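Asker: Mind looking over this structure? Questions follow.
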Amino acid sequence: MSFLAGEEALVGDTLLVGTVGRADFYPEGPTELYHSVFEKLLRLSDTVKIYPCHFGAKHGLPDTRATTLGHERQFNEALTQHTKDDFVRYMTEGWPPQPHGWREIMWKNTHSEEE
């Protein structure tokens, strides 16, 4: 989920500084991420300042807390993929193993407490 307020956007885990959010935890993830990034976020102006949820060494990311879409278009390798198939392949090949407990985390993130 992303929120746009004027020329600033809170982009959650969708677009990070220098990369995109990991999307290999369920089969549709890379395709859904492609649509979110390429068909929604990248339709915005280069000047839009983005604020991702994660940054810093703890997450293996730069310490930069914000960036612009223009900067990411120019330097973010994930955004240089030319087709949806290229992007899906980029997002599914060569990633480290899924972290311990990821199934439980995904279940908690996608189900209500009542289930």
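Any read-out appearing in this document is the output of simple, stated calculations on the displayed coordinates, not a laboratory observation. Keep in mind that what you see is a predicted model, and the values were worked out from it rather than measured. FYI the Cβ positions are ideal-geometry reconstructions off the backbone, even for glycines, and counts take in every protein chain you see.
Asker: Cβ under 14 Å from residue 96's Cβ, residue 96 left aside: what net charge do those residues give with Lys, Arg +1 and Asp, Glu -1? All intermediate terms of the calculation are to be shown ahead of the outcome.
Answerer: Values: positive: 22; negative: 24, 93.
Counting the neighbours of residue 96, the net charge comes to -1.
Asker: Once you order the gyration tensor axes a ≥ b ≥ c over the Cα atoms, which shape class does region 1-47 get: rounded for a/c under 1.5, otherwise prolate or oblate by comparing a/b with b/c?
Answerer: prolate
Asker: Out of residues 5 or more away from residue 67 or on other chains, whose amide H comes under 5 Å of its own, with H placed 1.01 Å from N in the peptide plane?
Answerer: 50
Asker: In region 1-44, which residues have a backbone nitrogen under 16 Å from the label point lying 7 Å from residue 73's Cα in the Cα-to-Cβ direction?
Answerer: Only 7-9, 18, 37-44 fall inside the zone, counting backbone N under 16 Å.
Asker: What FRET efficiency comes out for the pair residue 64/residue 93, r = Cβ-Cβ distance, R0 = 30 Å, nearest 0.05?
Answerer: 0.65
Asker: Related question: Residues of region 13-30 with the amide nitrogen closer than 20 Å to a label point 7 Å from the Cα of residue 110, along Cα-to-Cβ, please.
Answerer: Within reach of a label on residue 110, which here means backbone N under 20 Å from a point 7 Å along Cα→Cβ, region 13-30 contributes 13-15, 21-30.
Asker: Quote the FRET efficiency, to the nearest 0.05, computed for residue 47 versus residue 102 with a Förster distance R0 of 30 Å and r equal to the Cβ-Cβ distance.
Answerer: On the way: r = 36 Å, r/R0 = 1.20.
My answer for the efficiency is 0.25.
Asker: Report P(r) for the chain: all Cα-Cα distances, bin width 10 Å, range 0 to the bin holding the largest distance, values in whole percent.
Answerer: All Cα pairs, binned at 10 Å, distribute as 13, 43, 34, 9, 0 percent.
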